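Heads up: the structure comes next, in structure tokens.
The values are calculated or read from the model by the stated rules, or taken from the named source; none is laboratory data. If you're wondering where the values come from, they're calculated on a predicted model, not measured in any experiment. Counting neighbours? That spans all protein chains shown, and the Cβs are built from the backbone with ideal geometry, glycine included.
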Amino acid sequence: MELLRVENLVKDYVSPEGEVQRVLSIDRFALDSGEQVAIKGSSGSGKTTFLHIVAGILAADSGRVCFDGNEITHLSESRRDQYRARELGYVFQSFHLLGAYSALENVTLGAAFGSGGDPGLARELLETLGLGHRLQHRPHQLSIGQQQRVALARALAGRPRMVLADEPTGNLDSTHAQEALELLCSLCRKQGAALLLVSHDPAVLAAFDRQEDFAALNGAVEEVTP
């Protein structure tokens, strides 16, 4: 069953010199419920902008993004926030953990915007990720790999129907990157969540049966770093 459909998506940026630069020009992209897809592409190619539009963080200039048959493209910012909180989990490359809160609080608070927060599920996810002994530790007391696991747990604590992952292993060494990727994919399968991941790492991409080349999807738009 199709969960996400993107059609004729266009996004432009205006440079400081006033020049209009096209960042996205995607004719069509689709993702089924529970499907796991990796999008490969170099840094600065617009992959993050694409994820941000799918997540409703940014608005497209034209085109359609439909989630479960409902178009989100022209929703107000507050309605897009509601959609993101209710339906999506997001794994950022830089984690974005709240420094003043514990690992457990970071996960519970992250879920509170969507499902209302379930401390039991938050604890279960952290224990599954090997952090049962680090529940009360704050981000600065955790290693980079442990912070990444907290970010994974936070993305899944709201039981999202789709998880977006933006270079989720980019700050990890190869061993921890492989572990984090396996955990992300297995947890998404367990919860029945679709996974859309972007990466330029061949080792990460190799874990996915379906890979999409972003340059082909994006009509070979010139690389930019917005």
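Among the residues of the stretch 113-128, those identified as in a loop (DSSP other than H, G, I, E, B) and in contact (Cβ under 8 Å) with a residue 12 or more places away in the chain are F113, G114, S115, G117, D118.
Residues that are part of a loop (DSSP other than H, G, I, E, B) and free of Cβ contacts under 8 Å to residues at least 12 places away in the same chain within the stretch 1-31 comprise S15, P16, E17, G18, E19, listed in sequence order.
Of the residues in the stretch 192-199, at least one is closer than 19 Å to L126 by Cα and modelled with pLDDT of 90 or more. Checked against (1) at pLDDT below 95; (2) out of contact with any helix residue (DSSP H, G or I) (no Cβ under 7 Å at 6 or more places or on another chain), L98 passes all but a single condition, namely (2). Among the residues of the stretch 65-112, the ones that are within 26 Å of H137 (Cβ to Cβ), outside any loop (DSSP other than H, G, I, E, B) and either of a type in the set (A, V, I, L, M) or touching a residue at least 40 places away in the same chain (Cβ under 8 Å) (or both) come to 13 in all. Taken as a whole, the condition of being more than 30 Å from S25 (Cβ to Cβ) and either touching a Cys at 6+ places or on another chain (Cβ under 9 Å) or modelled with pLDDT under 95 (or both) applies to F113.
If only residues of the stretch 53-81 that are surrounded by fewer than 16 Cβ atoms within 10 Å (Cβ to Cβ) and under 18 Å from the mean Cα position of the chain (by Cα) are counted, the one that is farthest from Y13 (Cα to Cα) is D68. Checking V65, V23, V14 one by one, the residue that is under 23 Å from H200 (Cα atoms) and either out of contact with any Cys (no Cβ under 9 Å at 6 or more places or on another chain) or of a type in the set (A, V, I, L, M, F, W, C) (or both) is V23 and no other. The set of residues in the stretch 177-209 being under 24 Å from M1 (Cα atoms), aliphatic (A, V, I, L, M) and part of a helix (DSSP H, G or I) consists of L184, L187, L205.
Across the stretch 148-176, the number of residues qualifying as modelled with pLDDT under 85 and assigned to a helix (DSSP H, G or I) comes to 3. Of everything in the stretch 116-129 that is of a type in the set (D, E) and at pLDDT 90 or above, the residue that is farthest from M162 (Cα to Cα) is E127. In the set (1) in a loop (DSSP other than H, G, I, E, B); (2) under 16 Å from the mean Cα position of the chain (by Cα); (3) not acidic (D, E), T48 fails one condition alone, (1).
Determine whether A30 is among the hydrophobic types (A, V, I, L, M, F, W, C) and either surrounded by 14 or more Cβ atoms within 10 Å (Cβ to Cβ) or in contact with a Phe, Trp or Tyr (Cβ under 6 Å, 6 or more places away or on another chain) (or both). Here the answer is no, as A30 does not meet what is asked. Which one is nearest to Y101 (Cα to Cα), of the residues in the stretch 129-147 that are polar (S, T, N, Q) and either part of a helix (DSSP H, G or I) or touching a residue at least 24 places away in the same chain (Cβ under 8 Å) (or both)? My answer is Q136. Number of residues in the stretch 180-216 that are free of Cβ contacts under 8 Å to residues at least 40 places away in the same chain and closer than 21 Å to L88 by Cα equals 6.
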